[in-house]
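Laboratory data are not the source of any read-out in this text; all were calculated from the coordinates shown. This one's a predicted model, so the numbers in the text were calculated from it and none came from an experiment. All Cβ positions, even for glycine, are placed from backbone atoms using ideal geometry, and neighbour counts span all protein chains on display.
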């Protein structure tokens, strides 16, 4: 007789019991001190400058702002490889791409390696991931998982729940929240939880829900100052990339024929409005759903004991420099929102300008949960910063490395170093460099690599870049496996 498949409610309940049984016999699995719950909210391609508490000129995000107002806003949070899959692998492992092996989209994540959900699971946590996964292999280290296949669809999407593919009616952002809240309701309430609540939105192709379909319809969204950037002083990588609003948005992105008779500048204006409005409509749905989740935590009495983190897998160009998409080490792509609320340890309404990277998330969660981190993690716990006690030896620079070339949007491979004041980028395949003075030129319009006035700065940054590459054990990647 063929065995009957469990439905979602049965699966969730059974998994809770199974995971609890797994810790029986481990007397120290649950410490006497209550462990914090962890709710990690990640969106896809949500730029920090489309969050109102980060000073957005183009939209309002009241529910995301609430996390920042009730916790800490990181002003200088960055990713180490601005791309969906690599960023998610870094979240799980606390390591750079060269260390966890996921360099670019299309790679397959090695789920046998150590991840922070596995370590939390061993320490008695109930773990789940719901929403976008994008790592090609099935999740490991989770008691329950319900993920989108690949990028997933905005409307009536399929999900893969514990290995079984199911089609659902509704809007993806709403459904991910529905499933996340359902899991929280059905979880084993005797144990702390770690839930990775991962949205597809606002990833391309930007398809709003009915509720927000007409948002911004009667207004012009302000254009970025650099929409007409000509990349005059930049490396050839900028000029040869294929992600411009003017030329590379497709009919599927624009969803309407281009009006006849427009001048090139008028067409650019039209294209920008078509793009940015749909993008912001998708963000508005995320904000509403995050609000729904925060209200649920309040109603269930979970807010005080739950670490809530909001961030994105990478930044995004919102017409900045004439582009959409990400990948480059320029600020709009490199920077992400990072909002952290934990009433027991984080003072409301605080900010930090310390350099944070996505390698820091795994050690932070382990630290706050009282779990010893693996020795080979390449990030540092943000806990002392969250508690208002930043270490004197906190990093003064960060390393970045992008690998996906040839690939989508034709962005050349590059690595670089960013400090509080400067940024040095090396497009190593084509032998070109860029240097920016972030204090004098925050929009990164003037490459001063060849300027004699910056000779000493350049020398120092090259030394720091060499130091970071040696410290992180970055291999030379000119080998055939990367071409």
Give me the log10 of I(q) over I(0) for the chain at q = 0.06, 0.12, 0.13 Å⁻¹, as the Debye formula computes it from C-alpha points; what are the numbers?
-0.26, -1.09, -1.28
What is the distance, in nm, between label points placed 7 Å from the Cα along the Cα-to-Cβ direction at residue 305 and at residue 345?
1.6
Under the helix-only model (-39500 (n - 2.57) for each DSSP H run of 4 or more, divided by the residues of the chain), the mean residue ellipticity at 222 nm, to 500 deg cm²/dmol, is -8500 deg cm²/dmol
So in the chain, what percent of DSSP beta bridges are antiparallel if you round to the nearest 5?
55
Label-point separation, residue 166 to residue 137 (7 Å along Cα→Cβ), nm
2.6
Roughly speaking, what is the stretch gain from residue 372 to residue 182, that is 0.36 nm per residue apart minus the C-alpha to C-alpha distance, in nm to one decimal?
65.4 nm
Note the full-extension length gain between residue 158 and residue 242 as 0.36 nm times their separation in residues minus their Cα-Cα distance, in nm to one decimal.
27.2 nm
For residue 254 paired with residue 451, estimate the spin-label separation in nm (one decimal), with each label point 7 Å from Cα along the Cα-to-Cβ line.
3.7
Once the Cβ-Cβ distance between residue 270 and residue 466 is put in as r, and R0 is 35 Å, what FRET efficiency do you end up with, to the nearest 0.05?
0.15
One quarter of the C-alpha convex hull surface, i.e. the mean projected area of segment 292-435 in nm², amounts to 11.4
With no solvent and one point per C-alpha, what does the Debye sum give as log10 I(q)/I(0) for segment 378-444 at q = 0.20, 0.22, 0.28 Å⁻¹?
-0.91, -0.98, -1.15
Between residue 220 and residue 443, what length in nm is gained on full extension when 0.36 nm per residue of separation is reduced by their alpha carbon distance?
78.0 nm
Averaged over all directions, how much area does the convex hull of the C-alpha atoms of segment 218-286 cover when projected, in nm²?
6.1
At R0 = 45 Å, how high is the FRET efficiency between residue 230 and residue 151 if r is their beta carbon distance? Nearest 0.05 is fine.
0.90
Relative contact order (%) - criterion: Cα under 8 Å, at least six apart; region: the chain:
23
